[in-house]
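Just so it is clear, none of the values below were taken in a lab; they were calculated from the coordinates. None of the values given here were measured: they were computed from a predicted structure. Cβ sites come from the backbone with ideal geometry, for glycine too, and all protein chains shown count toward neighbours.
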Amino acid sequence: MAEQKRADYASTRPQAMGAWVAAVEEGSPAWEAGIEPGMRIVSVNGVEPRDIIDWRWEADGGVCELEVLDPRDGTVTPCELWREPGQDWGIDFTDVLFDGIRTCVNACQFCFMAMLPPEARSTLTLRDDDYRLSFLQGNFVTLTNVTDEEAERIVTCGLSPMNVSIHAVTPEVRRSLIGRRADRGIEVLERLLAGGIEVHAQIVLCPGINDGDELTATLDWIEARPGITSLAVVPLGYTKHSRRFHSSYSDDVEASRAVVRLIEPYQQRARETLGITRFQLSDEFYVDARLPVPPAETYDGYPQFYDGIGMLRSFLDEVELVAAERPRDVASVCRGLAEKDLEALLVCGEAAEDTFAALCRALSPEGRVSPRSIRNDYFGGDVNVTGLIVSEDLLAQLPADLRGTLVVLPEVMFNFDRLTLDGDEQVRILEELSSRGARVGVCVPSPGDILDCLLGLLA
């Protein structure tokens, strides 16, 4: 059974505290014990589980004793589960956090939540800063709200690696950027590093605040701490609703190139001494600086892929891989489009348009496949990534007549409930585009998945 691995914190569904059972695998120890979806695990080996980490820790052996609540009659029943070596208990929970999400206590200048449109639904404004989500699903946290007991738990349970936002190390700059609890974040980080916890770090670089000399100081501090095995430097992003920021590196080619030059000596030293690049710039810096993205070997296996580190390089390399390993499928797309006199539009954000164009050329040298970048008017500012495309921009900018057109939408523009950030339903968007004459598919925005999607639409 696939265990729930992500927190359901952007959902529009009602949330309930506790270890609620979502599914039980038939024939598993839990199924044999009579546990059913809708029940709640009250305790495991006498411990009330706070999250999936407690569950894994306490239920690690071959036997576990549970107390199970059946909400149909309110009874709590003890039961004992046994399993064979390597066997799963067979329980899937509704969420990975059973006691709710730890929220942010900071006042970051660059907080994207403070730049959302006023009409944004309330679930989007939840500012999570939960160390457990850092370990479980790679969220970046500041550690400013971590207690001594929680820091000890991280070390004792070996919750490694952790993803930590550092931003700056000079106390006054950190307080300016993050707020009055900024010092606590560094204190906890030092404790975790001393306890052997591996850290993937992040800096959100704000022009005139934590760049220049402050960035150098932060890079020096990180370089002296080998437990920080990777660093992602990402540029400030802002929307039209920002009251503080109205420009960033996206508006300044030379400033972007200066950042690239500043970090290069750190990358070189890391490669010479550690065999890894370690200090990584987000794809946006290379786009903003109008420089080619580095080769794959400089990305150290992409440890910070989902922070926008190496996505463009990975995509470009996969384009070449798909062309080399799946020539028959590529030919099938070319032939199918030509025989049926169809064209295909691959929807993406403006930042990815040139990269998507490389895939389009590989799939159809005749030009029947093309990228369709969507300008983000909803957020405005310098927001131009694929994952933040919204329905109102998509529908306003795609042609009214889509007859003879295949449209491939990126899955990342929808949440777990298949809603866009402006609250539209995937099914309604598909119906609208279909009414314009399009054949529509939704897939992960990677070359292989896009190729599969086109083959499906042509079948």
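The simple spin-label model puts a point 7 Å past each Cα toward its Cβ; for Arg180 and Val63 those points are separated by 5.3 nm.
Rounded to the nearest 0.05, what FRET efficiency do Leu291 and Val47 give with R0 = 35 Å and r taken as the Cβ-Cβ distance? Could you check? For Leu291 and Val47, the calculated efficiency is 0.10.
Under a Cβ-Cβ cut-off of 10 Å, what is the net charge of the residues other than Ala114 that fall near it, where Lys and Arg count +1 and Asp and Glu count -1? So the surrounding residues net to +3. Kirkwood hydrodynamic radius computed over the chain comes to 24.5 Å, based on all pairs of distinct alpha carbons. When the P(r) is computed for the stretch 112-308, the part past 24 Å accounts for 41% of the Cα-Cα pairs. Take every DSSP beta bridge whose two residues both sit in the chain; close to 40 percent of them are antiparallel. For the chain, Cys64, Cys79, Cys104, Cys157, Cys206, Cys334, Cys348, Cys360 have no disulfide-compatible partner, since no other Cys C-beta lies under 4.7 Å from theirs. Rg and Dmax of the stretch 19-93, based on Cα coordinates, read 11.2, 34 Å. Each peptide in 41-48, 380-387, 309-316 was scored by the mean count of other Cβ atoms within 10 Å over its residues; highest first, the order is 309-316, 380-387, 41-48.
Based on Cα contacts under 8 Å between residues 6+ apart, the stretch 305-459 shows a relative contact order of 24 percent.
With R₀ fixed at 22 Å, the C-beta to C-beta distance from Glu425 to Val105 puts the FRET efficiency at about 0.05.
Close amide H contacts of Val164 (hydrogens built in the peptide plane, cut-off under 5 Å, sequence separation of 5 or more or a different chain): Val141, His200, Ala201, Gln202. Extension gain for Gln397-Tyr302 works out to 30.9 nm (0.36 nm per residue, less the C-alpha to C-alpha distance). Each of Arg269 and Leu126 was given a label point 7 Å from its Cα along the Cα-to-Cβ line. The distance between the two points is 4.2 nm. Computing FRET efficiency as 1/(1 + (r/R0)^6) for Leu321 and Glu366, where r is the C-beta to C-beta distance and R0 is 25 Å, gives about 0.70. Counting neighbouring beta carbons within 10 Å and listing from fewest to most, the residues Cys64, Cys453, Cys111 come out as Cys111, Cys64, Cys453. 3J(HN,Hα) along the stretch 309-322, derived from phi through the Karplus expression 6.51 cos²θ - 1.76 cosθ + 1.60 where θ = phi - 60°, amounts to 9, x, 4, 5, 4, 4, 5, 4, 5, 5, 4, 5, 5, 4 Hz, with x in place of Gly and Pro. The phi torsions of the stretch 86-102, fed into the Karplus equation with coefficients 6.51, -1.76 and 1.60 and a -60° offset, translate into couplings of x, 7, 7, 5, x, 10, 10, 8, 6, 7, 8, 10, 9, 10, x, 8, 6 Hz, rounded to whole numbers, with Gly and Pro shown as x.
Rounded to the nearest Hz, the phi-derived 3J(HN,Hα) couplings of the stretch 247-252 under the Karplus curve 6.51 cos²θ - 1.76 cosθ + 1.60 (θ = phi - 60°) are 7, 7, 5, 5, 9, 9, where x marks glycine and proline. Each of the peptides 127-137, 288-298, 143-153 was scored by the mean count of other Cβ atoms within 10 Å over its residues; in descending order, highest first, they stand as 127-137, 143-153, 288-298.
By the count of other C-beta atoms within 10 Å, a proxy for reagent exposure, Phe112, Phe305, Phe356 are ordered fewest to most as Phe305, Phe112, Phe356.
Footprinting exposure proxy ranking of Tyr249, Tyr306, fewest other C-beta atoms within 10 angstrom first, gives Tyr306, Tyr249. Contact order for the chain, expressed relative to its length and based on alpha carbon pairs under 8 Å spaced 6+ residues apart, stands at 10 percent. Fully extending the segment from Arg243 to Glu36 would add 69.5 nm, taking 0.36 nm per residue of separation and subtracting the current Cα-Cα distance. Each peptide among 115-122, 223-230 gets the average number of other Cβ atoms lying within 10 Å of its residues, and from highest to lowest they stand as 223-230, 115-122.
At full extension, Arg56 and Ala338 could sit 96.2 nm farther apart than now, given 0.36 nm per residue minus the alpha carbon distance. Would any residue of the stretch 426-459 have its amide N under 17 Å from a label point 7 Å out along Cα→Cβ of Ala331? List them or say none. Residues passing the 17 Å test: 455.
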